[in-house]
Structure formats: structure tokens, C-alpha cells
Amino acid sequence: MGFRLPGKFTAKQGAEARSVPKGYLAVYVGEAQKKRFMVPISYLKSPSFQNLLIQAEEEFGFDHPMGGLTIPCTEEAFIDVIRSLNSL
């Protein structure tokens with residue numbers, strides 16, 4: 001399984017929102033500018049991904065400002081977690 005790296009765009013809502021393929025979850029990651037990643041829903045059962053979800057819940061609760069799941073970590077840290085999941 002893999003994940004889709006984002007294009008060079010910032011997260012937008014409304015008419016510019018992009019659809020999410022079946023079996024994937026849209027996740028917004030970053031500090032100043034959020035980038036959108038598509039991750040397989042199978043990652044939800046991974047302990048390392050669940051730790052990211054716990055961080056998101058602690059910071060945002062269930063009100064995510066981007067309209068999707070926002071994870072409060074750097075893009076580099078997120079990519080490291082995803083790479084470790086891909087190597088399993």
C-alpha cells in the first residue's frame with residue numbers, strides 16, 4: 001500500500017475541494033500552510049498513525065478548521081510516519 005504525495009497546493013474548501021478516492025482518507029498536514037495527503041484507511045489501525053490522530057483530537061477536538069482531518073505536525077514528521085507504514 002502507498003500514499004499519494006500532495007501536489008504543490010494549499011488546502012482549500014468549496015469549489016476547489018478535491019474528491020477522495022474510495023478507500024482513502026484526506027488528511028491536512030503542516031504548520032503554516034496545510035498540504036492535503038490521501039492515505040489508505042487501513043492506516044487507521046496502525047499505532048503510529050493512531051498517535052497522530054490523538055494529537056489531532058487533543059488540539060482540535062472534532063472541529064477541524066480545514067473541513068477535513070487536520071493533523072498538527074510538520075509535513076516531514078508525517079511523511080516519516082507514512083514511510084515507516086509503507087515499509088511494513
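The values are calculated or read from the model by the stated rules, or taken from the named source; none is laboratory data. As the structure is a computational prediction, the values presented were derived from the model and not from experiment. For neighbour counting, all protein chains shown are included, and Cβ atoms are generated from backbone atoms with ideal geometry for every residue, glycine included. We work out accessible area using only protein heavy atoms, side chains counted, and drop any ligands, DNA or RNA first. Shrake-Rupley method; radii C 1.70, N 1.55, O 1.52, S 1.80 Å.
For the reader, a short list of remarks on this structure follows.
- Sole exception among (1) surrounded by 14 or more Cβ atoms within 10 Å (Cβ to Cβ); (2) at pLDDT below 85; (3) of a type outside the set (Ser, Thr, Tyr) for Pro40, by number: (2)
- Residues in the range 26-55 that are in contact with a Cys (Cβ under 9 Å, 6 or more places away or on another chain) and not β-branched (Val, Ile, Thr): Gly30, Glu31, Leu52, Gln55.
- Pairs with Cβ under 6 Å, 6+ apart, first in the range 20-35 and on the phi > 0 side of the Ramachandran plot, second open to solvent by 60 Å² or more (accessible area, probe 1.4 Å) and not hydroxyl-bearing (Ser, Thr, Tyr): Gly23/Ile41
- Inter-residue pairs, beta-carbon under 6 Å, first closer than 16 Å to Lys45 by Cβ and in the range 69-85, second in a helix (DSSP H, G or I), 6+ apart: Val81/Ser48; Leu85/Tyr43
- Qualifying positions in the range 29-88 - part of a helix (DSSP H, G or I) and of a type in the set (Val, Ile, Thr): Ile41, Ile54, Ile79, Val81, Ile82
- Test: residue in the range 57-75 that is at pLDDT 90 or above, open to solvent by 30 Å² or more (accessible area, probe 1.4 Å) and of a type outside the set (Gly, Ala, Ser): yes
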